[in-house]
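Notes to accompany the following structure.
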Amino acid sequence: MVKFLFFFLFRLFNSNNKKNESGNRKTCDVLPPIKTADTMDPFNEEDKMYLFENRLKTFENWPFDKDCTCTPENMARAGFVHTPSDNSPDIAMCFFCLKELEGWEPDDDPQKEHKSHAPSCSFISLTKNVEDLTMEEFFKLQKEKDKIITRKRCIEAITKFEEAAKVRREKIIKTARGEE
Ligand SMILES: [Zn+2]
């Protein structure tokens, strides 16, 4: 009963909260901001990608269909969302571990590819559907997801800082040499 109620609330929230949906499916659409214990809410818009149908919707312009193994359905079932860029129309990212894969072949099996490129992903290793998880299991999973997002954001911030520091350093050297 608890499981059912939990999943019912999850679906209800997702079906009623579509105001921020956009046709432009870029990485930023599926990367939520860092949450704290106070703001964490498993029913929010950012976590809608836990649902298969929401992941499937991102594959509207996916280049593989019907006779392929990596159909939109199989991609979404394996946890992927479509995050294309101008130069790479076939980039797909796991909504959970954030692993990005491109260069898909028609016979690629999304489940196998996901497991082989991201063996530590807790989502692809699940032995049951998200809707069958207990509250405790779901929160454990969510905690793991938040850790992955925090780690990725830290790496992005460090890279941005290092790039800015490099530019600043070069400017200081030029000024010291009297070149500016
Ligand atoms: Zn994954």
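Table for the structure above
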quantity	calculated
Residue-by-residue Karplus 3J(HN,Hα) for the range 103-113, coefficients 6.51, -1.76, 1.60, Hz, glycine and proline x	x, 5, 10, x, 8, 5, 8, x, 4, 5, 5
Packing rank of 69-80, 86-97, where each peptide gets the mean count of other beta carbons within 10 Å, highest leading	69-80, 86-97
Long pairs among LYS57/LYS152; LYS112/LYS160; LYS57/LYS112; LYS66/LYS147; LYS112/LYS143; LYS66/LYS115, criterion Cα-Cα beyond 28 Å	LYS112/LYS160; LYS66/LYS147
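Every number in this text was worked out from the coordinates using simple rules, so none of it is lab data. Owing to the predicted nature of the structure, the values given are computational and were not obtained by experimental measurement. FYI the Cβ positions are ideal-geometry reconstructions off the backbone, even for glycines, and counts take in every protein chain you see.
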